[in-house]
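For reference, the structure discussed in these notes is given below.
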Amino acid sequence: MALQPSRWQWHKFKDMFHYYIMVGLIPVSAIIFYTNVFIGPAQLEPIPEGYIPKHWEYHRHPITRFIARYIHTNPQQEYEKFMHFLDEEHQKMKLRALEKEILKKMAERQDYQAYYYRPMVNKYLRINKKVGDELYNRVGDDYEE
Amino acid sequence: MVQGDQPPQDDNLFRAFAHALYTTVDAPVTWFREKVVEPNQKKYPWYHRQYRRVPTIDQCYSDDPVCDFEANTQFKRDRAVDSEILSILRMRYEDCMMYESPDHLTICKPFWEKYKDAEEAWFIKYGDLGAYADARKAFMKQKHRMVWEKHTLIYELELQQEIKDHRDMKT
């Protein structure tokens, strides 16, 4: 073998060129050719009486229709879901505002204690007490004043 | 000219040459479309979305976010439609101007008048609202405009009354 400069970049270029054409350009252009020639775009028509079109029937090109049908979600569904979310958050906002108002009035008038009852769990208090007793039994009360 | 005859033959050599050049590219493409593409295409419909009218912002309660959201989307749709209408009127005037230039100032006047009226109406409703335009902001703009109109009218009426009184006093 003669001593030559590297032809690595050229080989890599051919490799990538063939890769992108075989896996990218040829299948994609075959799909596009098939959809445009054998299926074709739709014709615009008025909506028939009493018929509710599906959400993909509002698009013209067959590939757009395919994407709208199998990949995207129904825009009307998303709209209504968002409105439900807004309503739920609004109800939570109203509840929290009401609670805040009640607490404010209770603090202002100081006439109710029932709302302030905080239920306690004394489990950790008992554990700490037991640890303290055990320490006292071991060490005693011998400490510097 | 004889009535009912064919239209006069076009024997302009340059036009024929230009047409021949165009045809060398156009004829195969047209043949392919008419013989191969169109017979194989399927016929099926697509529709335009029909949106129902929902209550506008002036019919909503002030603390109702759902009604507010729907009124807002309706406002944005209406603004898009009105912008397109304005664009079509502008294109009509521009086409007329391109065709009739340099007489466009007189011949295209009706298109210009219609476009200017539409533009004024669009600006009254949607103009100067900023980037975060809202249905509520447009409603407030209308309210401010009505208040301003009322004040201006009252002021002008009072001014005219003063002028009349002044004149009556003089005589």
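For region B:40-84, a tally of residues being within 8 Å of chain A (Cβ to nearest Cβ) and in contact with a Lys or Arg (Cβ under 7 Å, 6 or more places away or on another chain) returns 1. Does any residue of region B:57-70 turn out to be touching a Leu at 6+ places or on another chain (Cβ under 7 Å), free of Cβ contacts under 8 Å to residues at least 60 places away in the same chain and either among the small types (G, A, S) or open to solvent by 80 Å² or more (accessible area, probe 1.4 Å) (or both)? No, the conditions are met nowhere in region B:57-70. Listed by first and then second residue, the pairs linking a residue in region A:78-92 that is in contact (Cβ under 8 Å) with a residue 24 or more places away in the chain to a residue that is open to solvent by 80 Å² or more (accessible area, probe 1.4 Å) and not in a helix (DSSP H, G or I), with Cβ atoms under 8 Å apart and 6 or more places separating them unless they lie on different chains, form an empty list.
In this structure, A:E57 does satisfy being among the acidic types (D, E) and within 12 Å of another protein chain (Cβ to nearest Cβ).
Tallying residues that are over 29 Å from B:K35 (Cα atoms) and surrounded by fewer than 15 Cβ atoms within 10 Å (Cβ to Cβ) within region A:48-68 yields 7. As a summary of the residue check, B:V81 satisfies the conditions (1) under 30 Å from B:L129 (Cβ atoms); (2) more than 17 Å from the chain's Cα centre (by Cα); (3) of a type in the set (V, I, T); (4) surrounded by fewer than 12 Cβ atoms within 10 Å (Cβ to Cβ) except for the one numbered (2). Reported count of residues in region A:31-47, each being open to solvent by less than 100 Å² (accessible area, probe 1.4 Å) and facing another protein chain (nearest Cβ under 9 Å), is 11.
The values are calculated or read from the model by the stated rules, or taken from the named source; none is laboratory data. Keep in mind the model is a prediction, meaning the values are calculated, not measured. Ideal geometry is used to build each Cβ from the backbone, glycine not excepted, and the neighbour counts take in all protein chains shown. Only protein heavy atoms, including side chains, enter the accessible area calculation; ligands, DNA and RNA are left aside. Shrake-Rupley method; radii C 1.70, N 1.55, O 1.52, S 1.80 Å.
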